[in-house]
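> The structure under discussion is supplied below as structure tokens; questions concerning it will follow.
The values are calculated or read from the model by the stated rules, or taken from the named source; none is laboratory data. This is a predicted model, so every value here is computed, not measured. For neighbour counting, all protein chains shown are included, and Cβ atoms are generated from backbone atoms with ideal geometry for every residue, glycine included.
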Amino acid sequence: MTRIRMNTVWQEIEKRILVLDGAMGTMLQEYKFTEEDFRGEQFKDYHLSLKGNNDLLSITQPQAIKEVHAKYFEAGADIVETNTFSGTTIAMADYEMEDQVYELNYQSAKLAKEVADEFTKKEPHKPRFVAGSIGPTNKTASMSPDVNDPGYRAVTFDELRIAYKQQIEALLDGGVDLLLVETIFDTLNAKAALFAVQEVKDERNIEIPVMVSGTITDASGRTLSGQTVEAFLISVSHLPLLSVGFNCALGADQLQPYLKRLSKETNFYTSAHPNAGLPNAFGEYDETPEQMQAHIEGYLEDGLVNIVGGCCGTSPEHIRLIAEAAARYKPRKIENVITSEVKPA
């Protein structure tokens with residue numbers, strides 16, 4: 001008999017629109033951490049520069065990570081993502097820190113869960129959840145990085161599967177409530193992640209909710225690897241998912257037509273966590289919380305989402321206003337929940 005990881009995500013998503021947190025990187029920039037801060041005591045003699053390795057801060061600056069999670073929960077978030085966007089051996093190879101992957105993910109999950117439990121204890125009517133963030137890695141299985149050799153691939157499906165599996169196991173050990181395969185620019189990478197999720201679920205004899213979130217890269221309405229909204233959806237619909245949606249690349253206004261197409265085609269719950277507008281000439285995001293709230297309200301009026309939050313450039317104030325708007329609307333209704341999960345009684 002399958003052992004169910006007991007949480008009430010399935011119950012809560014039927015009652016209301018759930019709010020996801022905002023950008024971790026945007027918040028960490030405010031700390032202005034130095035190279036020494038990134039290293040901490042644990043890596044003070046490390047042979048490479050570690051500045052910019054935000055996932056490492058879960059080990060070297062854990063209090064800052066907990067503070068960011070707490071700010072998003074205080075702003076109204078129901079779900080926070082672990083600080084593990086680059087937490088695979090493939091992405092960590094840039095810092096030659098492949099051997100730290102388990103600890104990075106485990107500690108990130110543990111920190112987020114501690115904060116979530118504190119808020120749930122204070123407000124039991126509004127349980128808080130932790131999503132294990134599984135990023136796309138910095139390599140693509142569908143396209144060649146070498147214009148002179150279109151058949152070349154920098155990574156294989158199996159290498160991705162193994163790397164994702166290591167990350168997933170650590171996130172589960174750290175106590176996450178759900179898994180979020182996000183910012184998908186190459187669906188083949190995502191399929192490797194989902195294959196790894198299923199492997200771990202089978203080996204551990206558990207069920208856990210899984211969110212999938214792709215990225216529409218520009219006005220063509222396609223992912224970087226060339227898929228339309230509908231093709232992306234078909235590619236990931238072979239597994240029982242909590243939700244499918246989009247994040248990053250576009251602002252809330254630009255994302256709405258693609259979200260509308262997705263919402264119309266699926267009986268999964270849907271999610272969106274767009275950027276705070278499009279980046280300016282300096283790569284910064286200028287959309288104010290009020291502007292973003294107005295765009296998100298369009299999603300809510302049209303009944304397009306069950307989970308909503310923010311990506312690049314979003315802060316707790318963005319999430320606060322999004323949460324205020326979400327509370328005024330009923331969640332998107334679907335005809336049949338496509339899931340093998342058993343909902344807790």
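> So in the stretch 222-232, with the set limited to residues that are outside any loop (DSSP other than H, G, I, E, B) and in contact with a Gly (Cβ under 8 Å, 6 or more places away or on another chain), which one is nearest to Pro209 (Cα to Cα)?
Phe232
> Now a separate question. Got a number for residues in the stretch 300-330 being of a type outside the set (Val, Ile, Thr) and either assigned to a loop (DSSP other than H, G, I, E, B) or farther than 22 Å from Phe73 by Cβ (or both)?
Here the count works out to 15.
> Output the residue which, of all residues in the stretch 269-287 that are part of a loop (DSSP other than H, G, I, E, B) and in contact with a Gly (Cβ under 9 Å, 6 or more places away or on another chain), is nearest to Ala131 (Cα to Cα). Spell out the reasoning first.
First pass over the stretch 269-287, keeping only residues part of a loop (DSSP other than H, G, I, E, B): 276-278, 280-284, 286-287.
Among the residues that remain, those that are also in contact with a Gly (Cβ under 9 Å, 6 or more places away or on another chain) are: 276-278, 284, 286-287.
On the way: Ala276: 21, Gly277: 24, Leu278: 25, Glu284: 26, Asp286: 27, Glu287: 25 Å.
Residue satisfying both the conditions and the ranking: Ala276.
> Only one of (1) at pLDDT 95 or above; (2) under 20 Å from the mean Cα position of the chain (by Cα); (3) under 24 Å from Ser220 (Cα atoms) is not met by Arg261, so which one is it?
The one condition Arg261 does not meet is (2).
> Still on this structure, I have one more. Can you find, within the stretch 1-22, the residue that is farthest from Thr120 (Cα to Cα) among those that are at pLDDT below 90 and in a strand (DSSP E or B)? Talk me through it step by step, then tell me what you get.
At the first step, the residues of the stretch 1-22 found to be at pLDDT below 90 are 1-8.
With the extra rule that they be in a strand (DSSP E or B), the set shrinks to 3-4.
Values: Arg3: 23, Ile4: 20 Å.
So, considering only residues that are at pLDDT below 90 and in a strand (DSSP E or B), the one farthest from Thr120 (Cα to Cα) is Arg3.
> Which of (1) of a type in the set (Ser, Thr, Tyr); (2) within 28 Å of Ala252 (Cα to Cα); (3) touching a helix residue (DSSP H, G or I) at 6+ places or on another chain (Cβ under 6 Å) is the odd one out, the single condition Thr26 does not satisfy?
(3)
> Would you check which residues across the stretch 38-62 are in a helix (DSSP H, G or I) and more than 20 Å from Ala112 (Cα to Cα) and list them?
In the first step, residues of the stretch 38-62 are kept if they are in a helix (DSSP H, G or I); the result is 38-39, 54-60, 62.
Arg39 - this is the single residue of the stretch 38-62 that is in a helix (DSSP H, G or I) and more than 20 Å from Ala112 (Cα to Cα).
Residue-wise test of (1) over 20 Å from Leu18 (Cβ atoms); (2) touching a residue at least 24 places away in the same chain (Cβ under 8 Å); (3) part of a strand (DSSP E or B).
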{"residue": "Ser213", "(1), (2), (3)": "no, yes, yes"}
{"residue": "Ile234", "(1), (2), (3)": "yes, no, no"}
{"residue": "Gly245", "(1), (2), (3)": "no, yes, yes"}
{"residue": "Ser263", "(1), (2), (3)": "no, yes, no"}
{"residue": "Glu297", "(1), (2), (3)": "no, yes, no"}
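The rows are residues; the columns are (1) surrounded by 20 or more Cβ atoms within 10 Å (Cβ to Cβ); (2) among the basic types (Lys, Arg).
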site	(1), (2)
Ala109	yes, no
Thr120	no, no
Arg128	yes, yes
Pro136	yes, no
Asp146	no, no
Arg153	no, yes
Asp177	yes, no
Glu182	yes, no
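> Here is a check on your reading of the model: is Asp158 more than 20 Å from the chain's Cα centre (by Cα) and either modelled with pLDDT of 95 or more or on the phi > 0 side of the Ramachandran plot (or both)?
Working: more than 20 Å from the chain's Cα centre (by Cα): yes; either modelled with pLDDT of 95 or more or on the phi > 0 side of the Ramachandran plot (or both): yes.
Considered against the rule, which asks whether it is more than 20 Å from the chain's Cα centre (by Cα) and either modelled with pLDDT of 95 or more or on the phi > 0 side of the Ramachandran plot (or both), Asp158 comes out as yes.
> Next question, about the same structure. Quick one: which of Ser213, Ser225 is out of contact with any helix residue (DSSP H, G or I) (no Cβ under 7 Å at 6 or more places or on another chain) and closer than 17 Å to Thr140 by Cα? Explain how you work it out, then say what you get.
Numbers: Ser225 fails: out of contact with any helix residue (DSSP H, G or I) (no Cβ under 7 Å at 6 or more places or on another chain).
Just one listed residue meets the conditions, Ser213.
> Scan the stretch 204-251 for residues that are in contact with a Pro (Cβ under 8 Å, 6 or more places away or on another chain) and surrounded by fewer than 19 Cβ atoms within 10 Å (Cβ to Cβ) and jot them down.
Listed by number, the list holds a single entry, Gly221.
> On the given criteria, is Lys139 touching a residue at least 40 places away in the same chain (Cβ under 8 Å) and of a type in the set (Lys, Arg)? It would help to see each step written out before you state the result.
Numbers: touching a residue at least 40 places away in the same chain (Cβ under 8 Å): yes; of a type in the set (Lys, Arg): yes.
The answer is yes for Lys139.
> Also, I was wondering about something else. Determine whether the stretch 29-42 contains at least one residue that is closer than 24 Å to Asn275 by Cβ and surrounded by 15 or more Cβ atoms within 10 Å (Cβ to Cβ). Can you show your working first?
First, the residues of the stretch 29-42 that are closer than 24 Å to Asn275 by Cβ: 29-33.
Of the ones still in play, those that are also surrounded by 15 or more Cβ atoms within 10 Å (Cβ to Cβ) are 33.
Yes; the residues of the stretch 29-42 include at least one that is closer than 24 Å to Asn275 by Cβ and surrounded by 15 or more Cβ atoms within 10 Å (Cβ to Cβ).
> Suppose we keep only residues that are under 14 Å from the mean Cα position of the chain (by Cα) and among the hydrophobic types (A, V, I, L, M, F, W, C) within the stretch 63-89. Which one would you say is farthest from Ala170 (Cα to Cα)?
Here the residue is Ala77.
> Another question, if that's okay. Only one of Gly214, Gly251 is among the small types (Gly, Ala, Ser), closer than 28 Å to Asn280 by Cα, modelled with pLDDT of 95 or more and touching a strand residue (DSSP E or B) at 6+ places or on another chain (Cβ under 8 Å). Can you tell me which?
Values: Gly251 fails: modelled with pLDDT of 95 or more.
Gly214 is the lone residue from the list that is among the small types (Gly, Ala, Ser), closer than 28 Å to Asn280 by Cα, modelled with pLDDT of 95 or more and touching a strand residue (DSSP E or B) at 6+ places or on another chain (Cβ under 8 Å).
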